[in-house]
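The values are calculated or read from the model by the stated rules, or taken from the named source; none is laboratory data. Note that the coordinates shown come from a computational prediction; the quantities given were computed from them, not determined experimentally. Note that each Cβ is placed from the backbone with ideal geometry, even for glycine, and that neighbours are counted across all protein chains shown.
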Amino acid sequence: MMQNRIENLLTDYAHCIDDERYEAWPEFFTEACLYQIISRDNHRAGRPAGFVFCDSRGMLRDRIASMRRANIYEPHSYRHIISATSIEKLPDGAYAAKTSYVVVRIMHDGAQDIFSTGCYLDEIVESDGRLMFRKRIVVCDASRIDSLLVIPL
């Protein structure tokens, strides 16, 4: 059933990030894709300005390479909590999905805090029997991020 397959994709995505397998993260996306992190206010108002904008798998790989080699940030990791997903079949055969999330940030000293809440708005396609994100818009409830947004949400 497609609902289960999509929920498995979302769970695998969250585990990839939570398990710090960042180099595998871009493989959840099609070559030509959209990954955007944007505030709820900007998204609702139709303003394109956001925190992150990538429009290819290559840009996603560059984000990870930058994170590993160039960015200076306090070491931390994430733990995702995701809700059940609502899906809808699109006219082109892809699926639209909406899933709420909470991301807890765990600092190197063990301190934990809620880093981000919001929802994922996805377009998911099947390629060679595998589901992938054609579009993932991360709509954050807050209009600010309190530190460098280096790890993907």
Picking from Asp113, Asp109, which residue would you name as being farther than 21 Å from Tyr35 by Cα and assigned to a strand (DSSP E or B)?
-> Asp113
If only one of Val150, Val125 is surrounded by 14 or more Cβ atoms within 10 Å (Cβ to Cβ) and assigned to a loop (DSSP other than H, G, I, E, B), which one is it?
-> Val150
Residue check: is Gly93 surrounded by fewer than 11 Cβ atoms within 10 Å (Cβ to Cβ), under 18 Å from Gly129 (Cα atoms), of a type in the set (Gly, Ala, Ser) and without any contact (Cβ under 8 Å) to a residue 60 or more places away in the chain?
-> yes
Output for region 32-73, where each listed residue is in contact with an Asp or Glu (Cβ under 9 Å, 6 or more places away or on another chain), surrounded by fewer than 17 Cβ atoms within 10 Å (Cβ to Cβ) and closer than 23 Å to Val104 by Cβ = Arg40, Arg68
Can we say Asp109 is of a type in the set (Asp, Glu) and either at pLDDT below 95 or within 14 Å of the chain's Cα centre (by Cα) (or both)?
-> yes
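So that you can scan it fast, the table gives a plain yes or no per residue for (1) modelled with pLDDT under 95; (2) touching a helix residue (DSSP H, G or I) at 6+ places or on another chain (Cβ under 6 Å); (3) on the phi < 0 side of the Ramachandran plot:
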residue	(1), (2), (3)
Gly58	no, no, yes
Ser77	yes, no, yes
Ile81	no, no, yes
Val139	no, yes, yes
Are there any pairs with C-beta distances below 7 angstrom linking a residue in region 109-130 that is more than 16 Å from Glu7 (Cβ to Cβ) to a residue that is part of a loop (DSSP other than H, G, I, E, B) and not aliphatic (A, V, I, L, M), with the two at least 6 apart or on different chains, and if so which?
-> Thr117/Asp141; Gly118/Asp141
